[in-house]
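Contents: one structure, followed by commentary.
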Amino acid sequence: MTRIDLHCHSTASDGTLTPSELVRAGAAAGLDVMAITDHDTTGGWEDAAAARPAGLTLVRGAELSCRWHGAEPAISLHLLAYLFDPAEPRLAADMARLRDDREHRAERIVELLRADGVDISWPEVRDYAAGGSVGRPHIAQALIRAGLARTTSEAFASRWLGARYYVPKSDLDVFEAVQAVTAAGGVSVFAHPNATVRGRVVPDRLLVELAEAGLFGLEADHEDHSPEQRAHVRTLAEGLGLIVTGSSDFHGTHKSVQLGAFTTDFAAYAKIAAAATGVPVLG
Ligand code: AMP
Ligand code: FE
Ligand code: FE
Ligand code: ZN
């Protein structure tokens, strides 16, 4: 059996393993295929490719921060993009803009916390991100260091990053993002589309519209989906002619989920690999 995990984060965003450590950990966990999908960046691709152990196939990707403007207020969501050309100007510029905004937004969150007497600083948070895409887990790390939270999850409670000190980030319009990924030769998969534990989710009709706009698949098997939500997403995908994926969404020690906790069927992976024209799978 081929073990395929198509959603993993490294220190290029908010994971805790470097890209090199990530691919080695993937092989050690018995994966045959793994994707590196950092938030809004391809910054980990080169190191992951260079460190790829023999026998592990690497799918290069990213997880794009998106928003659907069909609800009020707009609903934020994540789009997994695979095997796109990282030099394609539009998508590269979109991701650069998102990363830049992540920094400003994190600085604002730190300012709000400091204004309430919390002893953390932007340079500290920036150091935790270490040149990668800055995310709230890096601020969580500072809150843990300051003794105000014990775990990342605790730092995401409503009294901290979840609500009281929540600042939205600028995201890509989801239809424009699907188009940009397609134009860069990649394929897009909607990440954890029914994860109500993360907040409001989009209605099924958006998935119908996105399928018409070129969306390739839906991530059904994910720790943030209940068994009923997994079944629902699977049924939707079948009706829309979309592929179904399952993935760990591994973040190292920022989350408890392990590599390979959820996996993707070989047939779905093969369709992604065959459809994309941006960069090849490595393996
Ligand atoms: P950001 O992209 O900066 O808005 O931060 C969102 C990221 O924080 C997600 O990609 C997850 O990695 C992480 N995250 C969100 N909620 C939680 C939580 N309750 N516990 C731990 N990590 C979380
Ligand atoms: Fe994350
Ligand atoms: Fe996500
Ligand atoms: Zn993710």
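Taking H as built 1.01 Å from N, whose amide H comes closer than 5 Å to the amide H of T245, not counting residues under 5 places away?
The list, which skips near neighbours in sequence, is L218, E219, A220, D221.
Helix 266-275 versus the longest principal axis of the chain: what angle, 0 to 90°, nearest 10, using Cα atoms?
Computed tilt is about 90 degrees.
Roughly how tilted is helix 227-240, in degrees to the nearest 10 and between 0 and 90, from the longest Cα axis of the chain?
Between helix and principal axis, roughly 50 degrees.
In region 71-134, which trypsin sites (Lys or Arg not before Pro) fall in coil by DSSP and have 10 or fewer other Cβ atoms within 10 Å?
none
Given contacts defined as C-alpha pairs under 8 Å and at least six residues apart, what's the relative contact order of region 1-147, whole-number percent?
The value is 22 percent.
With a cap of 14 neighbouring Cβ atoms within 10 Å, and only residues DSSP puts in a loop, list the trypsin sites (Lys or Arg not before Pro) found in region 166-244. Numbers along the way, then the final one.
Working: sites: K169, R198, R200, R205, R230, R234; in loops: K169, R200.
Answer in residue order: R200.
Roughly how many Å is it from the Cα centre of region 78-147 to that of region 185-253, as a whole number?
If you average the Cα positions of each part, the centres end up 25 Å apart.
Net charge around Y82, counting only other residues with Cβ within less than 14 Å of its Cβ (Lys, Arg = +1; Asp, Glu = -1)?
-4
Could you give the angle, 0 to 90 degrees to the nearest 10, between helix 136-145's Cα long axis and the longest principal axis of the Cα atoms of the chain?
40 degrees
Just to be sure I understand the model, the point goes 7 Å from the Cα along the line to the Cβ. What's the resulting S153 to D100 distance in nm?
So the label points at S153 and D100 sit 3.8 nm apart.
Every number in this text was worked out from the coordinates using simple rules, so none of it is lab data. If you're wondering where the values come from, they're calculated on a predicted model, not measured in any experiment. Backbone-built Cβ (ideal geometry, glycine too); neighbour counts: all protein chains shown.
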